[in-house]
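Structure, as structure tokens:
The values are calculated or read from the model by the stated rules, or taken from the named source; none is laboratory data. If you're wondering where the values come from, they're calculated on a predicted model, not measured in any experiment. Positions of Cβ are generated from backbone atoms using ideal geometry, with glycine treated the same way; all protein chains shown enter the neighbour counts. Keep in mind that these areas ignore ligands, DNA and RNA; they rest on the heavy atoms of the full protein, side chains included. Shrake-Rupley method; radii C 1.70, N 1.55, O 1.52, S 1.80 Å.
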Amino acid sequence: MKPDLTSDADRFLALLKPIERDLELYCRRLVWEPQDASDAIQNAVLRAFAAFERYRPNASFRAWLFQILTREVFALNRKHARIARHEFQLEPEELDAIESADPPSTRPDHCGTPASLAEALDEDLMADLKILTDNERAVLLLRAIGEMRYREIAESLDIPLGSVMGHLARARQKMRTLIGRRDRRPAIAKADNL
Amino acid sequence: MKCDQIQSLAGPYLDSELDVRTTGEIQDHLAACPDCARAFATQQQAEARLAAALQQGHATPALWERIEQSVRQAARARAAAVTAPSPTDLAVQASTASRDRTRQPGQSWWRTWLWPSPRFYAGVAAVWICIFALNLLTGNLPEVVHRSAPQQSQQSPETARAFAEQRQELAELLGLTDAPAQPPKPTAPPNQTHIWNTDDRVPDSVLNRSATSASHT
């Protein structure tokens, strides 16, 4: 008896539909070259469909597809060999040292309204994310966009659970520091003008 | 738990990834420590806003329409591959196509098979090989027969004499001749003793040889 492949495609697309936006956002944040995002998504989805026969219905389709997409993007990033050239590999201690140069009293509250923060981050956020390592960026995005549990992230990236916690803590600390420094610049510029 | 230990667990605590017992300990500590409670609140607010910023954006409909078409196209390709003929079927189709290609319109099937085809030329070659082989065999056959057959043309002396007697008796009965017919000269096979009859005429050489031998004795 021949398998109903048209039905397979319908079932696959039905599972894909609710996570399309998250997949696209995740890919655009994770990929090093923005123009590679569309190709990466399409390749990952077709790869997932090719392997859909092996997909177990009791597993998380969302985690499975994020895993395939992550591997696709990592392969693209490695292919371009740009991460090693541009990544600063800043450690939290180094960022703290930079941050401590300013007296605490001058620190503005960098947690503005979500809308203003989103506007400010729209372009700068991508630059900040590139400060992170590949795994830090993936863990942060899988948690923030994919809304995955730590264990799912560990399985998706094939790393230990402790590494997930370490990568996530460092990524969050770096991002908070970078966003805080950027938010301080307008205040400093305003003070200089005065 | 001390404050630094509590601070190191802030992320997993805010992500609800800790077990019940550790979560309870942290909650007890936060209730008793205003500094840690304030730090936790600040971190929670910052991470929520970071997550909100990272989640900002929308899907591109054109991209997903293209992807959906690609998926359906891949499904059709797989379905076509599943229903594709087997290698045996392909070989039969190729053979039929080859025959049909060489067959002319209006040409009968046996003419297509026999002329002009490799089978035809192979058959002709086989016939020629058989004829050549038969020629080789039949060329040696008379010599073999000649050597192996019995010498029927040579009659024994008794037979010749019997024929001569019968011929003479027949001639006498018919009155055809006055003189008795000469029997054919028997040709004795080599190394065979000649038996003399009383009617035989003894050759002179034999008589001379007998006389010579008698004088010697």
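Figures for the structure shown
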| read-out | value |
| --- | --- |
| Total residues in the range A:133-153, condition crowded, with 19+ Cβ neighbours inside 10 Å and either in contact with a Gly (Cβ under 7 Å, 6 or more places away or on another chain) or over 19 Å from B:Glu47 (Cβ atoms) (or both) | 1 |
| Residue in the range B:69-89 that is within 30 Å of A:Asp22 (Cβ to Cβ), more than 10 Å from chain A (Cβ to nearest Cβ), open to solvent by 70 Å² or more (accessible area, probe 1.4 Å) and modelled with pLDDT of 90 or more present | yes |
| Residue check for B:Glu68: free of Cβ contacts under 8 Å to residues at least 24 places away in the same chain and in contact with a helix residue (DSSP H, G or I) (Cβ under 8 Å, 6 or more places away or on another chain) | yes |
| Hits in the range B:26-54 - residues which are surrounded by 15 or more Cβ atoms within 10 Å (Cβ to Cβ), of a type in the set (D, E, K, R) and touching a residue at least 24 places away in the same chain (Cβ under 8 Å) | B:Glu47 |
| Qualifying positions in the range B:25-57 - more than 14 Å from A:Met175 (Cα to Cα) and either in contact with a Pro (Cβ under 7 Å, 6 or more places away or on another chain) or facing chain A (nearest Cβ under 8 Å) (or both) | B:Thr42, B:Gln55, B:Gln56, B:Gly57 |
| Any chance B:Ala37 is under 17 Å from A:Gly180 (Cα atoms) and assigned to a helix (DSSP H, G or I) | no |
| Enumerated helices (runs of 4 or more DSSP H) restricted to the range A:27-97, each holding at least 2 residues that are modelled with pLDDT under 90 and loosely packed, with under 15 Cβ neighbours inside 10 Å | A:61-80, A:83-86 |
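To keep it simple, each residue is scored yes or no on (1) part of a loop (DSSP other than H, G, I, E, B); (2) under 16 Å from the mean Cα position of the chain (by Cα); (3) of a type outside the set (D, E, K, R); (4) modelled with pLDDT of 90 or more.
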position	(1), (2), (3), (4)
A:Met126	no, yes, yes, no
A:Ala138	no, yes, yes, yes
A:Leu141	no, yes, yes, yes
A:Glu147	yes, yes, no, no
A:Gly166	no, yes, yes, yes
A:Ala171	no, yes, yes, yes
A:Thr177	no, no, yes, no
A:Arg181	no, no, no, no
A:Arg184	no, no, no, no
